[in-house]
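The values are calculated or read from the model by the stated rules, or taken from the named source; none is laboratory data. No experiment lies behind these values; they were computed from the predicted model shown. When we count neighbours, we look across all protein chains shown, and the Cβ atoms used for this are built from the backbone with ideal geometry, even at glycine. All accessible areas refer to the heavy atoms of the entire protein, side chains included, with ligands and DNA or RNA removed. Shrake-Rupley method; radii C 1.70, N 1.55, O 1.52, S 1.80 Å.
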Amino acid sequence: MQRVRLGARDLWVSRLLFGTLTMGPLQRNLPPERGAELLCHAAARGVNFVDTAEYYGTYPHVRLALAKWPDLVVCTKSYAYDLDGAKRSVALAQEGIGRERIDVFLLHEQESEHTLRGHEAALSYYLRLREEGILGAVGLSTHHIAAVRAAARWPGIDVVFPIINPRGLGIVDGTREDMEAAVFKAHAAGRGVLAMKALGGGHLIGERRAAFRYALDLPGVDAVAVGMQSEAEIDFNCALFSGGEPDAKSAAET
């Protein structure tokens with residue numbers, strides 16, 4: 001599994017980012033022990049990057065996986081906008097995953113420079129913790145092109161996590177081509193770029209090979225987040241992301 005440097009920070013991550021939303025109580029509701037098994041199965045195949053969020057309810061799953069794979073790079077997200085909320089969110093993440101350092105901490109679902117201003121108290125706190133070494137990188141996730149453009153020029157932003165897929169599904173304020181241009185500009189400005197919803201929330205599952213290839217080949221994208229709920233699905237995706245061909249068993253079971 002290829003690893004890349006995420007933006008300007010000293011974080012080396014697999015190009016396949018294991019998204020945990022699908023295993024949590026908002027979707028499949030897997031027990032933490034089962035979620036950890038899947039995370040460890042992926043880790044054994046080179047996937048060292050895990051995406052979670054305070055909202056997802058999957059900190060217990062990640063915590064158990066970290067007990068076996070302590071070097072996993074963890075990205076989390078919070079809706080906090082003020083100082084008190086930001087402090088609570090960081091403490092919840094630390095307690096939740098059982099580790100003081102959070103590798104990547106993001107403002108969840110930003111829309112533009114205006115929402116960034118509205119979250120400035122939280123962002124300033126995260127940036128302070130980054131300088132103290134408690135957070136490794138700071139940034140935002142978004143479905144909006146305007147937020148990606150803002151991230152490219154906003155001081156202190158390390159990582160941007162936008163929605164992007166071949167059909168532009170889920171992009172709120174423009175076209176796929178607009179998002180592609182914004183992603184390229186953000187990466188050129190030194191931001192690490194993570195792609196979410198490469199399968200359009202499941203709508204592109206029938207064309208997943210092409211959808212993953214599109215995201216991986218898109219200039220500026222460092223890693224692509226994918227939710228996975230079985231060992232066969234992990235094996236299939238690991239093969240594709242490593243440039244290989246999935247074996248017949250994993251292909252048949254996904």
Sequence order, segment 30-43: Karplus ³J(HN,Hα) from phi using 6.51 cos²θ - 1.76 cosθ + 1.60, θ = phi - 60°, Hz rounded, Gly and Pro as x, gives 6, x, x, 5, 6, x, 5, 4, 5, 4, 6, 4, 5, 4
In cubic angstrom, how much convex hull volume per residue do the alpha carbon atoms of segment 48-158 span? 88 Å³
The chain - percent relative contact order, Cα under 8 Å, separation 6 or more: 19 percent
Counting pairs of alpha carbon atoms under 8 Å apart in space and at least six apart in sequence, what relative contact order in percent does segment 114-166 give? 31 percent
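Taking the Cα centre as origin and putting +1 on Lys and Arg beta-carbons and -1 on Asp and Glu beta-carbons, what dipole magnitude results for segment 1-81, to the nearest 20 debye? The partial results should precede the final answer.
Details: 10 positive and 6 negative charges, 41 e Å.
Its charge dipole is roughly 200 debye.
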Would you kindly state how much longer the chain becomes between E100 and I134 on full extension, computed as 0.36 nm times their sequence separation minus their alpha carbon distance, in nm to one decimal? 11.6 nm
Sulfur and carbon atoms: percent of accessible area, segment 139-254 [1.4 Å]: 54 percent
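Compute the relative contact order of segment 157-254 as a whole-number percentage, counting only Cα pairs closer than 8 Å that sit 6 or more residues apart in sequence.
Details: 134 pairs, mean separation 25.0, N = 98.
Computed value for segment 157-254: 25 percent relative contact order.
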Could you tell me which of L64, T52, G85 has its Cα farthest along the dipole of segment 42-93 towards the positive end, charges placed at Cβ (Lys, Arg +1; Asp, Glu -1), taken about the Cα centre? L64
Whose amide H sits under 5 Å from the amide H of L30, counting only residues 5 or more places off or on another chain, with H placed in the peptide plane? G24
Would you kindly state how much longer the chain becomes between Y81 and H203 on full extension, computed as 0.36 nm times their sequence separation minus their alpha carbon distance, in nm to one decimal? 40.7 nm
With +1 on each Lys and Arg Cβ and -1 on each Asp and Glu Cβ, and nothing else charged, work out how big the dipole of segment 39-186 is about its Cα centre, in Debye to the nearest 20. 340 debye
Quote the charge dipole size of the chain about the Cα centre in Debye, to the nearest 20; the model charges only the Cβ of Lys and Arg (+1) and of Asp and Glu (-1). 200 debye
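For the chain, what does the accessible surface come to per residue with a 1.4 Å probe? Please give it in Å².
42 Å²
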Hey, if you put +1 on the Cβ of every Lys and Arg and -1 on every Asp and Glu Cβ in the chain, which of V104, M179, G7 ends up farthest toward the positive end of that dipole? G7
Taking N as its residue count, the alpha carbon Rg of segment 1-81 over 2.2 N^0.38 Å: 1.07
Based on the Cβ-Cβ distance of R167 and H114, what FRET efficiency does E = 1/(1 + (r/R0)^6) give at R0 = 30 Å, to the nearest 0.05? 0.65
Whole-angstrom gap from segment 120-184 to segment 50-71, using each part's C-alpha centre: 22 Å
